[in-house]
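Student: Structure below; questions to follow.
The values are calculated or read from the model by the stated rules, or taken from the named source; none is laboratory data. On a predicted model such as this, the values are computed, not experimentally measured, just so you know. Here Cβ is always computed from backbone atoms with ideal geometry, including for glycine, and neighbour counts include all displayed protein chains. Remember, those area values only see protein heavy atoms, side chains included, never the ligands or the DNA or RNA. Shrake-Rupley method; radii C 1.70, N 1.55, O 1.52, S 1.80 Å.
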Amino acid sequence: MCGIVGAIAQRDVVPLLVDGLKRLEYRGYDSAGIAVVVADSVRRVRRTGRVAEMEAAALAEGLGANLGIGHTRWATHGGVTESNAHPHISDGELALVHNGIIENHEAQRERLRALGYAFESQTDTEVVAHLIHHHRKQGVSLLAALQATVKELHGAYALAVIDKRDPATLVTARMGCPLLIGLGEGENFVASDVSAIVSATRRVIFLEEGDTAELTCDGVRVFDASDAQVMREVHVSEVSLASLELGPYRHFMQKEIHEQPRAIADTVEGILDAGGFDAALFGKDADAVLADVASVQILACGTSYYAGLTARYWIEAIAGLPCAVDIASEYRYRSVVGNPKQLVVTISQSGETLDTMEALKYAKAQGQDKTLSICNVPESALPRASKLVLHTRAGAEIGVASTKAFTTQLVALFTLAVTLGKLRGRVDTAQQADFLNALRHLPGSVQHALNLEPQVALWAEKFAPRQHALFLGRGTHYPIALEGALKLKEISYIHAEGYPAGELKHGPLALVDTQMPVVVIAPNDALLEKVKSNIQEVRARGGEMFVFTDADSSFSASEGVHVIRTPRHVGILSPIVHAIPVQLLAYHTALARGTDVDKPRNLAKSVTVE
Ligand code: M6R
């Protein structure tokens with residue numbers, strides 16, 4: 001969703017701000033803007049649409065300065081208009097960018113109106129700019145004005161502020177939204193995401209909840225929620241520039257689909273380095289936390305939720321533990337019955353998803369302290385709020401549609417299931433060796449599945465003109481059907497539904513006709529014969545079938561039944577391999593329909609609002 005970048009330097013920061021905003025584009029946005037302090041004035045450029053349009057306007061205006069802030073906005077309060085785009089300015093003196101939502105903005109707006117402030121936008125953000133301005137009028141520094149202001153705000157924010165009366169300072173604050181400071185040589189930066197500043201520096205400080213900070217060219221001072229100066233650890237970011245570049249690919253989604261053998265191999269390597277299914281993989285307190293787990297509660301959204309649904313089959317079968325999987329936004333408003341022996345597992349690519357974060361807080365408030373985060377961004381909010389962490393090593397995922405994050409999440413969740421099974425004495429040494437072996441061979445099987453791309457692309461041509469599609473699967477492949485449907489609807493805008501194949505005749509069969517393509521994930525497992533019967537039910541109603549089945553299954557093509565053979569059945573890890581062709585199908589269908597694959601309409605990469 002929204003992105004922030006800011007810089008104070010002895011060189012022109014405008015190219016840095018524009019480059020940073022371009023790197024934040026993947027998060028999803030609908031307008032962009034920058035503001036700089038130059039020659040005792042605040043100058044601003046804002047545009048709806050792409051960063052490139054805003055960049056052209058900034059160039060045309062000859063904008064250049066040593067101090068500036070930039071923003072990509074994903075509209076929440078107020079429509080997609082230039083006047084609602086950030087930065088917001090108060091009285092021509094200070095400019096501010098904001099991520100998050102100010103819940104008490106209406107009350108503050110009334111108060112500020114009474115103080116004589118006029119509003120130019122419908123945003124919650126503009127009140128923050130005027131509040132800081134109001135405090136500055138009491139004769140305090142920019143930092144003190146920011147610190148006084150945040151104490152009057154309810155809600156979530158990451159803020160960066162500049163003021164023409166103080167051209168050597170950039171101030172910033174964080175509560176509930178990610179924000180980090182980048183440390184350069186004679187220059188410093190602020191950003192909501194390390195990718196925005198990684199071309200300038202890798203040395204970063206992650207601000208804590210309630211922190212404020214003051215940046216000059218020469219240094220950075222950080223203050224905690226009680227305004228006491230504090231030292232925060234300096235990290236060296238591992239995000240690689242290559243993972244942020246497209247390289248020879250047409251889209252990030254295509255690149256990320258093809259990176260999966262490497263991403264899975266890296267994630268498996270982390271497990272092998274730790275000596276296999278060892279509790280220590282999950283953190284230093286893992287032995288104690290995992291020792292007497294009585295059940296597992298998984299919380300996640302979207303694709304990460306589907307990873308959780310797959311994991312339930314593994315956790316029940318391998319670890320012998322009851323496992324519930326909930327959509328985070330539903331769980332957080334249910335009257336859940338807390339169990340202190342329950343392991344609460346959150347799954348997230350970004351580690352920033354607000355609903356998942358709030359669901360975790362709610363789970364903890366019910367006395368559930370055994371918490372584990374499976375996450376692709378190590379320093380993000382969810383791992384920091386969890387006792388245990390398993391880091392998926394997918395590398396930066398830029399395409400809005402999650403692909404390599406999903407398959408690496410599945411690897412991590414499988415590892416959790418086996419580790420829990422081992423701790424409970426249900427998985428002996430020979431089985432552990434078999435499972436490790438299966439993981440070692442997984443990147444190769446995934447590569448074989450990727451080699452099916454030309455065949456899948458031919459199917460995509462048949463899907464492109466359709467309005468609807470059904471995806472069916474059973475057992476661990478049912479969540480893959482759900483994921484296939486989500487991928488297709490998300491990037492091609494074709495309405496698609498995933499169903500357990502056995503549910504077909506309880507409703508969705510009514511939809512089946514010659515215009516409804518039906519995708520079936522039918523590997524050669526114990527449920528294959530049952531899936532075959534379900535396929536007959538569809539064929540009898542004239543539905544056209546597109547079946548992904550194993551090389552060694554007895555399934556064959558016939559009239560109205562198209563078959564693509566995935567690699568030899570890989571046993572328990574089969575859902576990971578079958579995720580690949582459904583990703584490819586969505587990607588090629590979107591290509592054929594000419595949609596914006598990496599930035600599908602209305603969607604954002606990290607969903608940091610409710
Ligand atoms: O970052 P997270 O894994 O927490 O994100 C959860 C969902 O927003 C995400 O998986 C979403 O469904 C994807 N765009 C699906 O491709």
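Student: Dividing the convex hull volume of the alpha carbon atoms of region 164-229 by its residue count, what do you get in Å³ per residue?
Tutor: Looking at region 164-229, the number lands at 90 Å³ per residue.
Student: How far is the Cα center of region 7-84 from the Cα center of region 328-378, in Å?
Tutor: Region 7-84 and region 328-378 have Cα centres spaced 35 Å from each other.
Student: Using square roots of five times the C-alpha gyration tensor eigenvalues, list the equivalent-ellipsoid semi-axes of the chain in whole Å, biggest first.
Tutor: That gives 45, 27, 21 Å for the three semi-axes.
Student: Considering only protein heavy atoms and a 1.4 Å probe, what is the carbon-and-sulfur percentage of the accessible area of region 466-610?
Tutor: Of the solvent-accessible surface of region 466-610, carbon and sulfur hold 49 percent.
Student: Evaluate the distance, in nm, between pseudo-label points positioned 7 Å from the Cα of Phe119 and of Ser558 along their respective Cα→Cβ axes.
Tutor: Reported label-point gap for Phe119 and Ser558 is 6.5 nm.
Student: Can you figure out the FRET efficiency of Tyr493 with Val337, using R₀ = 56 Å and their beta-carbon distance, to the nearest 0.05?
Tutor: 0.90
Student: Based on DSSP H runs of at least 4 residues, each adding -39500 (n - 2.57), what is the mean residue ellipticity at 222 nm of the chain after dividing by all its residues, to the nearest 500 deg cm²/dmol?
Tutor: Mean residue ellipticity, 222 nm, calculated: -11000 deg cm²/dmol.
Student: For region 367-458, take the alpha-carbon Rg, divide it by the Kirkwood Rh, and send me Rg/Rh.
Tutor: 1.05
Student: Evaluated at 4 °C with a viscosity of 1.567 mPa s, what Stokes-Einstein diffusion coefficient in µm²/s does region 487-610 have when Rh comes from the Kirkwood expression over alpha-carbon pairs?
Tutor: In µm²/s, the coefficient is 81.
Student: Using only alpha carbons, build the gyration tensor for region 315-416 and give me the equivalent ellipsoid semi-axes, biggest first, whole Å.
Tutor: They are 22, 16, 12 Å, listed largest first.
Student: Between Ala324 and Ser226, what is the spin-label point distance in nm, taking each point 7 Å from the Cα along the Cα→C-beta axis?
Tutor: Simple spin-label model gives 3.8 nm for this pair.
Student: Can I ask one more? Carbon and sulfur atoms: what percent of the 1.4 Å accessible area of region 1-107 do they account for?
Tutor: 48 percent
Student: For region 110-196, which semi-axes, largest first and in whole Å, follow from the square roots of 5 times the eigenvalues of its Cα gyration tensor?
Tutor: 24, 16, 11
Student: What percentage of the solvent-accessible surface of region 162-228, computed with a 1.4 Å probe over protein heavy atoms, is contributed by carbon and sulfur atoms?
Tutor: Carbon and sulfur: 47 percent of the exposed surface of region 162-228.
Student: Write down the radius of gyration of region 1-76 and its Dmax, each obtained from C-alpha positions, in Å.
Tutor: 11.4, 35
Student: Return the inverse of the average 1/r over all pairs of distinct C-alpha atoms in region 64-115, which is the Kirkwood hydrodynamic radius, in Å to one decimal.
Tutor: Every distinct Cα pair counted, the radius reaches 12.9 Å.
Student: Calculate the spin-label point distance for Glu238 paired with Ala430, positioning each point 7 Å from the Cα along the beta-carbon direction, and give it in nanometres.
Tutor: Going from the Ala430 label point to the Glu238 one covers 3.6 nm.
Student: Stretched out fully, how many nm does the piece from Arg440 to Gln455 gain, at 0.36 nm a residue minus the Cα gap?
Tutor: Residue separation times 0.36 nm, minus the Cα-Cα distance, leaves 2.7 nm.
Student: With every protein chain kept in the model, how would you rank Glu208, Glu352 by accessible area, 1.4 Å probe, largest at the top?
Tutor: Largest to smallest exposure gives the sequence Glu208, Glu352.
Student: As a quick test, which of the pairs Lys255/Lys605; Lys364/Lys605; Lys404/Lys489 have an alpha carbon distance above 22 angstrom in this structure?
Tutor: Over 22 Å Cα-Cα: Lys364/Lys605.
Student: Same structure, new question: Take the alpha carbon atoms of region 442-496, find their center, do the same for region 253-274, and report the distance between the two centers in whole angstrom.
Tutor: Computed from Cα coordinates, the inter-centre distance equals 20 Å.
Student: OK, next. Skip the ligands, DNA and RNA, and give the accessible area per residue of the chain with a 1.4 Å probe, whole Å².
Tutor: 36 Å²
Student: Same structure, new question: From the mean inverse distance of alpha carbon pairs (Kirkwood) and the Cα radius of gyration, derive Rg over Rh for region 240-335.
Tutor: Here the Rg-to-Rh quotient is 1.06.
Student: Using the Kyte-Doolittle scale, which helices in the chain average at least 1.0 and also have C-alpha atoms spread 20 Å or more along the helix axis, with helices defined as whole DSSP H runs?
Tutor: The answer, listed by residue number, is 404-423.
Student: State the extension gain, in nm to one decimal, for the chain segment bounded by Glu209 and Asp596, taking 0.36 nm per residue of separation less the distance between their alpha-carbons.
Tutor: Using 0.36 nm per residue and subtracting the Cα-Cα distance, I get 135.8 nm.
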